[in-house]
Amino acid sequence: MIKMRNFFKVILVLILVNACKNDSKTETLSMQKEITTDYKEAYRPQYHFTPPAKWMNDPNGLVYHQGVYHLFYQYYPDDIVWGPMHWGHAVSKDMVHWEQKPIALFPDKHGYIFSGSAVVDVKNTSGLGTIENPPLVAIFTYHDPEGEEAKRKDFQTQGIAYSLDNGDSWTKYEGNPVIGNKNTKDFRDPKVFWNDRTNKWTMLLVAGDHLQIWLSDNLIEWKKVSTFGKKQGAHGGVWECPDLFPLKVGDTEEEKWVLLISINPGAPNGGSGTQYFVGDFDGTTFTSDQKQHKWVDWGTDNYAGVTYNNTPNDDRIFIGWMSNWTYARDTPTEKWRSAMTLPRKLSLQKFEESYGLINYPLAALDSLIQKEESKDVTVAAAQTERFVFDNFNQTEVKFTSTRKDFFIMFKNEANEELALTMDSSQKMVLLDRIVSGKTDFQEDFGNVIHQMPIDNLPDAPFEVRILLDKSSVEVFINGGQYVMTDQIFPTQNYTILEVENVKETPLELMDFQISKIKGIW
């Protein structure tokens, strides 16, 4: 979450939240009216999740329960710019197709409903359900805009709500907030999980420039037990949206813990980004000897991502907000604003002496991909191969290669270009959206080429997978070892793909494939 910085916007928000605090039945019903859409508006993604209308940011409350994946999200139902935050709600049975549900949580007398998480309280430790019908419990940050405007530091607290019908309706806990705040600015984004090492609930909270870890027997009474990060990691901006989970290292029995921390600003290509740490967790304290800054995604449009609780097979499934606070309020959509990244499965690998987090689209996405027959393509020395397709903005382009030098460009008849370069001399992948389409809506959106170092890319054949939607590109190299996610806003679909061989020896692209991706709406 990020606060509004414009004075007049703050005044407007204060007026609106006072209306929200009335919490009248009439207002609640009017805000939950079904919004109809054909999902065909300009720039509307066709296989990524977007709200039917209005503003969306952070994914929240990611939890699987009774055959359903829940996606809650930061939502303002009255405008396409940030405002008094609610929890929007959507559900899926396959992580591909989504059903929109009514708004789950509304602002109240304690403030807006900022980011957080959700758990299945299987043992009914909270007493809010029964053993036979354990509650879903949402844990979130209350944000009091009046306290913020008064320049107090205690304007963010933590509250809970529960559902006994698998998320269809929610009741806020009468004793909210469950964690108060005496004097900590930017105190938010609780991620909660059951801790087998202590047989307690663990809560991660960020407090400005570091992480706090709290424990509880019942999700209601909490005790702080440790901190992490005041002198580790990137600190170019406020820490946000923490997550912590164990992963096996490759096919071995070695287990490490991975901590996600989003940061804004301070990402390697500007604005918002998500860093990660690999280390150990003893049940109360996380430690890491990691010296290098590591990033989940090197593009500029994967932020505030967290993982699902309670998933089948304990899969670690991640979703991020596909935007960046530098320009999130300015992107050129009119009915809705923002999308989520594709859901991705996380895993951990060791490359030489360094651990690397892998993130790669779920296999469920394959159900949408209309696979074409693959072929081997050879691009002669210093030559270019051209491929024509009616709409690259809903496709997967995939191949394998051993060559770490090539230049790929998507083009349209409006002379707009999206370029991807792999440069072995710099050990770098470059993503250039400077003339990719509409970029002048904000001065920082199209002014630099995004860079991703590829220090540990193997010499063996590796995969390059490019997923294009109406207003995004996601690049996965070597099965998700290196990842870039960027928004794009071409005024026409890309219809030409050029692959240029920049060396004096033939460029071999094996299993080259261009496949259409079906829409989900």
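The values are calculated or read from the model by the stated rules, or taken from the named source; none is laboratory data. The structure presented is a predicted model; accordingly, all values stated were derived computationally and were not measured. Note that each Cβ is placed from the backbone with ideal geometry, even for glycine, and that neighbours are counted across all protein chains shown. For accessibility, only protein heavy atoms count, side chains too; no ligands or nucleic acids. Shrake-Rupley method; radii C 1.70, N 1.55, O 1.52, S 1.80 Å.
Taken about its Cα centre, the range 86-133 carries a charge dipole of about 100 debye when Lys and Arg each add +1 at the Cβ and Asp and Glu each add -1 at the Cβ.
Rounded if a/c is under 1.5, else prolate if a/b is larger than b/c, else oblate: which is the range 38-99, with a ≥ b ≥ c the root eigenvalues of its Cα gyration tensor? Because a/c hits 1.5 or more and a/b fails to exceed b/c, the range 38-99 counts as oblate. Using alpha carbons only, how many degrees (0 to 90, rounded to 10) separate the axis of helix 7-22 from the longest principal axis of the chain? The angle comes out at about 50 degrees. With q set to 0.19 Å⁻¹, the log10 of I(q)/I(0) for the range 83-223, from the Debye formula over equal scatterers at the Cα positions, is -1.16.
Applying the criteria of a DSSP loop state and at most 15 other Cβ atoms within 10 Å to the GluC sites (Glu not before Pro) of the range 414-521 yields Glu443, Glu504. Taking label positions 7 Å along the Cα-Cβ direction at both Glu132 and Lys291, the computed distance is 6.0 nm, reported to one decimal. Ellipsoid fit via the Cα gyration tensor, the range 174-300: semi-axes of 24, 21, 11 Å, each the root of five times an eigenvalue, largest first.
Measuring between their Cα centroids, the range 394-456 and the range 481-500 lie 7 Å from each other. Per residue, the average separation of C-alpha pairs within less than 8 Å and at least 6 apart gives the range 276-421 a relative contact order of 12 percent.
Each Lys and Arg Cβ is given +1 and each Asp and Glu Cβ -1; about its Cα centre, the range 343-454 then shows a dipole of about 400 debye. Computed from the C-beta positions of Ala364 and Asp440, the FRET efficiency with R₀ = 30 Å rounds to 0.25.
If R0 is 51 Å, the Cβ-Cβ spacing of Asp251 and Ala414 corresponds to a FRET efficiency of close to 0.60. Using a 1.4 Å probe over the heavy atoms of the protein chains, calculate the carbon and sulfur portion of the accessible area of the chain as a whole percent. It is 47 percent, rounded to a whole number.
Put the Cα centre of the range 50-88 next to the Cα centre of the range 93-127 and the gap is 9 Å. Working note: Debye formula, equal point scatterers on the alpha-carbon atoms of the chain, no solvent; log10 I(q)/I(0) at q = 0.05, 0.07, 0.08, 0.09 Å⁻¹ is -0.19, -0.37, -0.49, -0.62. Applying a DSSP loop filter and a limit of 16 other Cβ atoms within 10 Å to the trypsin sites (Lys or Arg not before Pro) in the range 486-521 leaves Lys503, Lys518. A straight chain from Met428 to Ala42 at 0.36 nm per residue would run longer than the Cα-Cα distance by 135.7 nm.
Excluding ligands, DNA and RNA, the accessible surface per residue across the range 69-116 is 27 Å² with a 1.4 Å probe.
For the range 91-138, the orientation-averaged shadow of the C-alpha convex hull comes to 5.0 nm² (one quarter of the hull surface).
Shown here for the range 310-395: GluC sites (Glu not before Pro) in loop regions (DSSP other than H, G, I, E, B) with at most 15 other Cβ atoms within 10 Å, namely Glu334, Glu352, Glu353, Glu372, Glu373.
Overall, the chain carries a charge dipole of about 1300 debye about its Cα centre when +1 sits on the Cβ of Lys and Arg and -1 on the Cβ of Asp and Glu, all other atoms neutral. Extents of the range 402-446, largest first, come to 37, 25, 11 Å (Cα atoms, principal axes, whole angstrom).
With n ≥ 4 as the cut-off for DSSP H runs, can you work out [θ] at 222 nm for the chain, using -39500 (n - 2.57) per run divided by the number of residues, rounded to the nearest 500? Here the helix-only value at 222 nm equals -1500 deg cm²/dmol. Computed with a 1.4 Å probe over protein heavy atoms only, the accessible surface of the range 282-370 comes to 37 Å² per residue. Counting every alpha-carbon pair across the range 418-515, the share separated by more than 24 Å comes to 25%. Using alpha carbon centroids, what distance separates the range 166-213 and the range 257-323, in Å? Cα centres, the range 166-213 to the range 257-323: 18 Å.
Seen from a random direction on average, the alpha-carbon convex hull of the range 370-472 projects onto 8.0 square nanometres.
Positive-end ranking of Gly299, Ser272, His210 along the dipole of the range 177-304, with charges on Cβ about the Cα centre, is headed by His210.
The share of C-alpha pairs in the range 258-349 whose separation exceeds 18 Å stands at 52 percent. With 26 Å as the limit on Cα-Cα distance, the pairs of Lys350/Lys411; Lys93/Lys470; Lys185/Lys345; Lys93/Lys256 that go past it are Lys350/Lys411; Lys185/Lys345; Lys93/Lys256.
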